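The values are calculated or read from the model by the stated rules, or taken from the named source; none is laboratory data. In this text, all values refer to a predicted model and were calculated from it rather than measured experimentally. When we count neighbours, we look across all protein chains shown, and the Cβ atoms used for this are built from the backbone with ideal geometry, even at glycine. When the accessible area is computed, the model is the full protein with side chains, heavy atoms only, and any ligands, DNA or RNA have been set aside. Shrake-Rupley method; radii C 1.70, N 1.55, O 1.52, S 1.80 Å.
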Amino acid sequence: MAEEKFDTLRIHGGYDPAQHHHSATVPIYENVAFTLGSAKRGEEVAQGNVPDAYMYSRVGNPTVSVLEQRIAALDGGVDSVAVGSGMAAITYSILNVAEGGGRIIAPYDIYGAALDEFETLFPKYGIDFDLVDDINDFDEVKSVIKPDTKAIYAESVANPTTKISDVDGLAQVAHEAGIPLIIDNTFSTPYLFQPIKHGADIVVYSSTKGISGHGNVVSGLIVDGGHFDWAGGKFPQFEENEFILKSADHPKHYSFIDVYGKRAYIKRIRQKYLRLMGAVLAPSEAYLELVGLETITERLDKEVATSLKIANYLQTNPHVKAVYYTGLPDSDQYDLAKASFPKGIGTVLSFELDGTAEQTATVVDSVKLFLYLPNVGDSRSLIVNPIKITHREVPVKRRAASHITDQLLRLSIGLEDSDDLIADLDQAISTAFK
Ligand SMILES: *Cc1c(COP(=O)(O)O)cnc(C)c1O
């Protein structure tokens with residue numbers, strides 16, 4: 001059979017009913033442990049030599065596995081690990097490349113909690129960041145690559161500007177320097193953009209957002225493209241013998257590379273980070289996410305179309321000074337958006353009012369359909385004022401570059417009727433400028 005396409009994989013990927021009492025939908029395995037059968041099998045399972053065997057749900061669970069296999073298939077990766085939040089996914093993905101010390105290159109305009117972690121927490125663990133103003137300025141990026149640089153980290157689409165990272169170009173820069181490219185693909189989801197197909201090595205998600213899509217589960221995912229060569233000395237953690245991997249098959253050389261080959265990175269995330277640090281995703285949460293994922297195509301097609309319609313409406317509103325949505329033809333990234341995001345740039349956009357901070361607050365207070373809260377990728381439409389809520393971590397001198405002003409509002413577009421949403425914004429803006 002030919003390779004299955006996205007819409008088939010989002011329904012069937014990673015799941016064989018015959019393995020689960022022919023249950024049509026994915027069962028929730030709400031159990032901690034799995035019986036080992038016999039002393040002989042127990043030993044083999046413990047050594048990781050029994051394919052698809054489970055032992056303890058912190059390390060692996062059949063419901064969670066379906067989600068992991070489905071996302072790996074949707075993204076074109078070799079494997080994936082689900083974790084308890086997007087921040088856990090980011091944390092583990094960075095530690096797994098740079099533990100013990102090193103440097104990471106990232107842009108300033110990343111998710112606020114990630115920026116806070118990179119600037120104030122990781123340095124205490126010996127991991128330092130070279131933050132750049134423009135991740136698409138490859139001369140700037142190359143100029144900060146040092147012998148101990150371990151990765152380049154970026155978001156496929158940044159927030160709240162919807163600025164796009166040139167993933168193909170960045171992958172080339174990273175690979176010329178012998179380092180991997182890690183992409184946070186949260187805003188795009190694998191439906192709108194597949195970083196591995198554009199050269200990225202590792203993809204991380206807050207699947208709290210568009211992947212699950214209903215604002216009812218906090219979760220994260222790490223996907224491994226399986227292309228990066230971790231051998232050669234820069235990443236000794238993948239080459240050193242690992243006690244837990246020693247077995248009859250691997251008696252002498254039992255590093256993650258020896259035992260798992262191109263899955264070394266993701267197997268190490270599971271065995272060293274999920275197993276030992278424990279930010280596990282619950283099976284019931286994985287189930288909710290699988291249900292949400294089944295309709296990702298229809299949700300995003302509608303939400304993207306509505307986002308574009310709302311962006312166009314906002315451009316005609318006399319009280320709106322600027323609309324930030326790189327899917328608009330007058331965006332300076334429109335060509336890149338069209339080439340890399342043929343199904344649309346996403347469901348988040350932001351705009352600046354031509355008014356005061358008080359008038360901006362009045363819009364927030366006057367909307368009736370838009371919910372005022374700090375989230376994105378929900379089936380409900382959301383509004384937030386980034387400077388007060390989601391982007392407080394951004395240093396004052398860095399705010400202008402991302403248009404984070406007192407007048408900026410960010411929208412995340414849901415599944416409501418688009419005319420109702422426009423009418424809601426229109427009445428709220430009119431109230432503010434009355
Ligand atoms: C929300 C978000 C995160 C953090 O995810 P949680 O699931 O809330 O931990 C990371 N990156 C981006 C781009 C996000 O939007």
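Here are some notes:
- All helices (runs of 4 or more DSSP H) inside segment 114-222 with 1 or more residues being over 27 Å from R399 (Cβ atoms): 167-176, 189-192
- Residues that are within 13 Å of the ligand (Cβ to nearest atom) and among the aliphatic types (A, V, I, L, M) within segment 181-197 comprise I182, I183, listed in sequence order.
- For the residues S93, S80, the requirement of being surrounded by 24 or more Cβ atoms within 10 Å (Cβ to Cβ), on the phi < 0 side of the Ramachandran plot, assigned to a helix (DSSP H, G or I) and of a type outside the set (A, V, I, L, M) singles out S93.
- Of the residues making up segment 158-190, those that are more than 20 Å from A98 (Cβ to Cβ) and among the hydrophobic types (A, V, I, L, M, F, W, C) number 4.
- Residues (buried (at least 19 other Cβ atoms within 10 Å of the Cβ), assigned to a loop (DSSP other than H, G, I, E, B) and of a type in the set (A, V, I, L, M, F, W, C)) located in segment 234-277: F235
- Residues satisfying the stated conditions in segment 45-66, i.e. β-branched (V, I, T) and touching a strand residue (DSSP E or B) at 6+ places or on another chain (Cβ under 6 Å): V64
- Condition met for S57 (modelled with pLDDT of 95 or more, among the polar types (S, T, N, Q), in contact with a helix residue (DSSP H, G or I) (Cβ under 9 Å, 6 or more places away or on another chain) and within 16 Å of the ligand (Cβ to nearest atom)): no
- Output for segment 111-157, where each listed residue is open to solvent by 50 Å² or more (accessible area, probe 1.4 Å), within 16 Å of the ligand (Cβ to nearest atom) and of a type in the set (D, E, K, R): D116, E119
- Some residue of segment 365-372 being free of Cβ contacts under 8 Å to residues at least 40 places away in the same chain, surrounded by fewer than 20 Cβ atoms within 10 Å (Cβ to Cβ) and touching a strand residue (DSSP E or B) at 6+ places or on another chain (Cβ under 7 Å): yes
- Subset of segment 211-233 that is open to solvent by less than 60 Å² (accessible area, probe 1.4 Å) and in contact with a Lys or Arg (Cβ under 8 Å, 6 or more places away or on another chain) - its residue that is farthest from the ligand (Cβ to nearest atom): G226
- Screening the candidates A200, A171 for the property of being over 26 Å from V384 (Cα atoms), free of Cβ contacts under 8 Å to residues at least 40 places away in the same chain and more than 15 Å from the ligand (Cβ to nearest atom) yields one hit, A171.
- Some residue of segment 102-110 being within 10 Å of the ligand (Cβ to nearest atom) and in contact (Cβ under 8 Å) with a residue 24 or more places away in the chain: yes
- For segment 307-325, residues that are in contact (Cβ under 8 Å) with a residue 12 or more places away in the chain, part of a helix (DSSP H, G or I) and open to solvent by 60 Å² or more (accessible area, probe 1.4 Å) total 4.
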